[in-house]
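Computed from the coordinates by the stated procedures, all read-outs in this text should not be read as laboratory data. Owing to the predicted nature of the structure, the values given are computational and were not obtained by experimental measurement. We place every Cβ from the backbone using ideal geometry, glycine too, and count neighbours over all the protein chains shown.
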């Protein structure tokens, strides 16, 4: 099984803003004072387009879909939460915490991916769980080690353990479960998505171990990573606040590996951490300041990896 892909799906925003429905448990979102909604949207589009241009210049295939003008979808720019694409031709559709994020799910996006020459054999839909107020937000909640069939998941209001177990049974993954915390007004609160504090690359993992307060859980995560021969590159909670955990390793058409992150994430890293990553792959960083501030998500959240078979 491949761990990394050379093709990603991205959604170009039309209504980007700070989503009031997600702010209740995404403590990375900020209100940018003094900026009009139009300015925020136009800055987000600029950041998005520059990011796509950089990715394509490196030989990464980017399928860009436009957000729809007639839906109120401020977070459409983060498609990895509602859909994932798998090597056997499965597509998974996930239940979302915020009601306005459920509008992001679109069948025409599947058509777009098929038109690019990919094969979809089967759609697995977990969205009925929303009726029970149970959520699992795609590869935001699930960090999939596709090679070793493990699913790392930090439990939160957006990542339900029961649904994680169901996913793991359906896809034959071993669950690695823990809770990751951040300090908000002197209180330890659950980090909303696993992919904010952890990134899984082929030979290594960038992870904020200090956010896993329970020592047993932390030890278990370390054990699994070490078992699978992954070098552990530890980051701090302050670096997580700069989205240093929200990275994604991809490859280009030639098979060259690239670690993608935001400029803020890159700036927060030490020379030693940069060297540890560059030992395995090159780094591509792009400025996503507006998207990070208003959306409370970064580079990783903007990319849904396409692992589907090619027709």
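For a quick protection proxy, order the peptides 167-173, 184-190, 299-305 by their average other-Cβ count within 10 Å, most packed first.
Output ranking for 167-173, 184-190, 299-305: 299-305, 167-173, 184-190.
For the stretch 93-135, what's the relative contact order in percent, using C-alpha pairs closer than 8 Å and at least 6 residues apart?
Relative contact order comes out at 69 percent.
How long is the gain from residue 275 to residue 170 if the chain were fully straight, where each residue apart is worth 0.36 nm and the alpha carbon distance is subtracted? Mind dumping the intermediate values first?
Details: separation 105, 0.36 × 105 = 37.80 nm, distance 3.82 nm.
Answer, rounded to one decimal: 34.0 nm.
Mind checking the full-extension length gain between residue 114 and residue 130? Use 0.36 nm per residue of separation minus the Cα-Cα distance, one decimal, nm.
Gain on stretching residue 114 to residue 130: 3.0 nm.
Per 10 Å bin, what is the whole-percent P(r) computed from every C-alpha pair distance within the stretch 36-176?
For the stretch 36-176, the pair-distance distribution reads 10, 36, 37, 16, 1.
If I model a spin label at residue 12 and residue 149 as a point 7 Å from the Cα along the Cα→Cβ vector, what separation in nanometres do I get?
So the label points at residue 12 and residue 149 sit 4.1 nm apart.
With runs of 4+ DSSP H residues as the only contributors, calculate the mean residue ellipticity of the chain at 222 nm using -39,500 (n - 2.57) per run, divided by the residue total and rounded to the nearest 500.
So the calculated ellipticity at 222 nm is -8000 deg cm²/dmol.
Report the convex hull volume per residue for the stretch 88-242, counting only C-alpha atoms, in Å³. Walk me through the intermediate numbers first.
Details: hull volume 21.4 nm³, N = 155.
Measuring per residue, one finds 138 Å³ for the Cα hull of the stretch 88-242.
Taking R0 as 30 Å, what FRET efficiency do you get between residue 310 and residue 107 from their Cβ-Cβ distance, rounded to the nearest 0.05?
Using R0 = 30 Å, I get an efficiency of 0.90.
Within a 10 angstrom radius of the beta carbon, how do 126, 152, 266 rank from fewest other beta carbons to most? The partial results should precede the final answer.
On the way: 126 19, 152 25, 266 22.
With the fewest neighbours first, 126, 152, 266 line up as 126, 266, 152.
Binning at 10 Å from 0, report for the stretch 7-305 what percent of all alpha-carbon pair distances ends up in each bin.
6, 30, 39, 22, 3, 0
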